[in-house]
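Notes follow the structure.
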Amino acid sequence: MRRVPDNLAITLPPVHLHWDDVEHILNRFSDGMEALIEHRGFNYDSLKELKDHIKHDTISEIKMSARRREPPYGSLSVHVNADGVRVWADHAVAERATLITEFLRSRVPWYSWRPEGAWWYGVQGALWAFLAMAASVAIATLAPLPTVPRLILAAIVFLLGSSLAVTMRVWIGGSRIHLCPSVSHIRFWERNREKILVSIISSIFSGLVGFLLGRLTH
């Protein structure tokens, strides 16, 4: 009697990859296996062919798969999309898939963390609702405007923030695949957009918390 080995199935948060990162994964794939790239219903034999076809420098999804057609048979795939990464491999290539998974983990920005479960959406919604409430209170008490316009502006800010909390339209994170090397001609804003937004949101949040604590203690 022998135990049947388990296949490998792993889900990761959104990642940021560059051309050289994807090439590294494809090199792992193609070692004794046939590798294939898929993007939105089309198969490609190389990254260059993909980039020449789509005419974009950045995409949010890509699927890479590989199969060994002779003993020991094996197959694995890495599916990167905006919401995260799914790695699947049968037991024959599980070790190779584990190495690829660890590499992908190193490409997960800290602000892209997106755990599974409804509670995370609740936490995120509560954060946006709190920011909306704090911003509206700050405007209502500090804005150098007459009373009625000040209250109207505070109400508009609160409604906008609440709509973000309900619809989840603001999400910093999502996967990005830059079809150019990590050190290349990518514009500064495109390369650092999410880091800048995270810094701005953190500064606003810290400032609002400090303001509210100051008002409560005086």
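Bear in mind these aren't lab numbers, they're just calculated from the coordinates by the rules spelled out. Since this is a predicted model, take the numbers as computed values, not measurements. Ideal geometry is used to build each Cβ from the backbone, glycine not excepted, and the neighbour counts take in all protein chains shown.
Observations on the structure shown:
- Multiplying the residue separation of Ala129 and Ala155 by 0.36 nm and removing their Cα-Cα distance gives an extension gain of 8.1 nm.
- Its Cα centre serving as origin, segment 1-62 has a Cβ charge dipole (Lys and Arg +1, Asp and Glu -1) of approximately 280 debye.
- Set of aspartates and glutamates with alpha-carbon distance to Lys51 below 18 Å, sequence-local pairs under 8 removed: Asp20, Asp21, Glu23, Glu38, Glu61, Glu190
- Dimensions of segment 1-87 from C-alpha coordinates, computed as largest minus smallest value along each principal axis and given longest first, are 54, 28, 23 Å.
- FRET efficiency for Asn81 and Asp31, using Cβ-Cβ distance with R0 set to 25 Å, rounded to 0.05: 0.50
- DSSP-loop chymotrypsin sites (Phe, Trp or Tyr not before Pro) across segment 15-106, with at most 16 other Cβ within 10 angstrom: Tyr73
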